[in-house]
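Trainee: Sharing a structure with you now.
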Amino acid sequence: MGQKRSYKQYPKEFKQEAVALVVDQGYSVPEAAKSLGIATNMLYRWKQQFEEQQQGQTLAEDEREELKRLRKENKELRMEKEILKKASGLLRERNEVKYRFVQRRAAIYPVRVLCRVMRVSSSAYYSWCKRSAKVISADTLHLYRRAKELFRASRDSLGSRELAKKLREEGFKIGRYRTRTLMRQLKLKVRQRIAYKVTTKRRHSDQVADNLLNQNFNPVAPNEVWAGDITYLRTAEGWMYLAVVMDLYSRRIVGWHIDKRMSADLVCRALMKAVNLRQPKKGLVFHSDRGSQYTSKQHRRLLKSYDLRSSMGDVGACWDNAVVERFFGSLKHDWILKVYQPTREHMKQDVAKYMRYYNLERLHSANGNLSPINLENSQRKVSGWS
């Protein structure tokens with residue numbers, strides 16, 4: 001490869017003297033160029049630049065240098081303004097946080113400008129970059145992996161409190177404060193969605209039961225009070241309707257049924273599955289709202305056949321069935337609405353997955369848990385529910 005051609009550089013004073021030979025002393029351009037040992041066309045160019053400067057058409061050399069300096073300063077000021085917009089909340093953080101910010105933006109802005117805006121030394125930043133990475137122990141690495149797996153299994157719905165409880169169950173010695181720090185380090189952010197909500201109304205000819213609970217959702221034993229409700233689930237093929245039966249003592253779903261039609265048969269099937277699973281004693285209270293499915297003759301006859309007592313919330317009182325409503329909120333916000341639901345069959349399978357997760361893995365703020373025998377029965381039968 002040929003070497004790059006270099007051109008001789010002439011100082012500003014030399015150029016001015018060369019032009020003065022032509023302008024002030026009457027030399028022709030070729031004569032002046034020959035006497036100075038330079039190219040004729042070069043002197044012509046210098047003479048033209050001098051005349052343009054005299055006429056104000058071009059900037060002088062010092063003015064040109066001043067313009068370059070001002071443009072450079074203006075460019076750096078714009079960069080500093082852009083950096084401050086992104087880093088205003090980090091100016092009071094420790095230097096390590098600032099160094100990480102500089103490292104992430106080093107491909108976009110000069111390190112010198114980044115360090116000046118962040119008020120740290122460039123040499124200190126480069127020294128930090130040369131440090132070896134912190135060694136993570138095997139126990140810490142195992143903690144990181146389990147935290148990620150538990151969080152993903154919940155579809156990004158476990159907060160710091162619930163994640164800390166899950167980790168402690170697996171033998172990790174960790175509190176909520178450290179769990180919050182861990183979630184920030186691993187970038188585990190809870191995602192929630194707003195669910196579509198529709199309510200149902202009863203027929204005025206149907207009978208309603210008295211409110212036996214009065215918002216007392218804490219029975220003293222299992223299979224004393226159950227609560228039921230219906231929710232709407234949207235798929236690309238159309239709506240699905242889910243009816244559930246919850247034991248208010250353990251907060252577990254003891255019966256559920258999902259169908260593309262919202263009829264009295266929907267809630268009756270959910271109740272029948274709950275009775276077959278739990279075999280409750282006579283007199284159990286079944287609480288619901290005043291929807292047409294629960295006030296229907298079919299549902300009232302079914303309750304009577306099992307010797308269950310009916311209880312219904314008051315009109316317009318959203319808290320009268322708050323526990324089941326909270327379950328539906330978790331089902332939708334933490335699970336269903338985070339993935340695309342293309343078909344009714346896909347929705348049905350996804351609801352079944354959440355029921356297993358909710359009953360067998362998710363922690364509940366409940367009065368008690370199932371006995372080992374009932375828990376084993378739940379694990380065996382829950383996979384057969386539809």
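The values are calculated or read from the model by the stated rules, or taken from the named source; none is laboratory data. Worth saying up front: this structure is predicted, and the values here are computed from it rather than measured. Using ideal geometry, Cβ is built from the backbone for each residue, glycine included, and neighbour counts are taken over all protein chains shown.
Trainee: Kindly list the number of the only condition in (1) part of a helix (DSSP H, G or I); (2) surrounded by 20 or more Cβ atoms within 10 Å (Cβ to Cβ); (3) in contact (Cβ under 8 Å) with a residue 60 or more places away in the chain that fails for residue 333.
Mentor: Every condition holds for residue 333 apart from (2).
Trainee: Given the conditions (1) of a type in the set (A, V, I, L, M); (2) outside any loop (DSSP other than H, G, I, E, B); (3) at pLDDT below 90, report the number of the one that residue 315 does not fulfil.
Mentor: Of everything listed in (1) of a type in the set (A, V, I, L, M); (2) outside any loop (DSSP other than H, G, I, E, B); (3) at pLDDT below 90, residue 315 misses just condition (2).
Trainee: Also, I was wondering about something else. Kindly indicate whether any position in segment 134-141 is surrounded by 13 or more Cβ atoms within 10 Å (Cβ to Cβ), closer than 30 Å to residue 103 by Cα and modelled with pLDDT under 90.
Mentor: No: zero hits.
Trainee: What number of residues within segment 85-111 are within 25 Å of the chain's Cα centre (by Cα), under 18 Å from residue 75 (Cβ atoms) and exposed (fewer than 11 other Cβ atoms within 10 Å of the Cβ)?
Mentor: Result for segment 85-111: 1.
Trainee: Identify, please: which residue in segment 143-172 is outside any helix (DSSP H, G or I) and touching a Leu at 6+ places or on another chain (Cβ under 9 Å) and is, among those, nearest to residue 358 (Cα to Cα)?
Mentor: The residue in question is 154.
Trainee: When residue 201 is evaluated against the numbered criteria (1) at pLDDT below 85; (2) part of a helix (DSSP H, G or I), which criterion, by number, is the only one it fails?
Mentor: (2)
Trainee: So how many residues does segment 278-298 have that are part of a helix (DSSP H, G or I) and buried (at least 20 other Cβ atoms within 10 Å of the Cβ)?
Mentor: Number of matching residues: 1.
Trainee: Further, regarding this structure: Is it the case, given these coordinates, that residue 306 is aromatic (Phe, Trp, Tyr) and either surrounded by fewer than 18 Cβ atoms within 10 Å (Cβ to Cβ) or modelled with pLDDT of 90 or more (or both)?
Mentor: yes
Trainee: Any residue that is among the small types (Gly, Ala, Ser), assigned to a loop (DSSP other than H, G, I, E, B) and either farther than 28 Å from residue 338 by Cβ or touching a Lys or Arg at 6+ places or on another chain (Cβ under 8 Å) (or both) - is there at least one of those in segment 214-228?
Mentor: Checked against the condition, which is being among the small types (Gly, Ala, Ser), assigned to a loop (DSSP other than H, G, I, E, B) and either farther than 28 Å from residue 338 by Cβ or touching a Lys or Arg at 6+ places or on another chain (Cβ under 8 Å) (or both), segment 214-228 yields at least one hit.
Trainee: Then there is this: Have a look at 96, 76, 80 and point out the one that is in contact (Cβ under 8 Å) with a residue 12 or more places away in the chain and within 19 Å of residue 126 (Cα to Cα).
Mentor: Every option except 96 fails the conditions.
Trainee: List the number of the failed condition for residue 267; all other conditions in (1) crowded, with 24+ Cβ neighbours inside 10 Å; (2) in a strand (DSSP E or B) hold.
Mentor: The single condition residue 267 does not satisfy is (2).
Trainee: Ok, one more. Being modelled with pLDDT of 90 or more, farther than 19 Å from residue 332 by Cβ and of a type in the set (Asp, Glu) narrows it down to one of 259, 229, 265, so name that one.
Mentor: Details: 259 fails: farther than 19 Å from residue 332 by Cβ; 229 fails: farther than 19 Å from residue 332 by Cβ.
From the options 259, 229, 265, the qualifying one is 265.
Trainee: Same structure, new question: Residue by residue through segment 340-373, note down the ones that are at pLDDT below 85 and more than 15 Å from residue 166 (Cβ to Cβ).
Mentor: Within segment 340-373, 366, 367, 368, 369, 370, 371, 372, 373 qualify.
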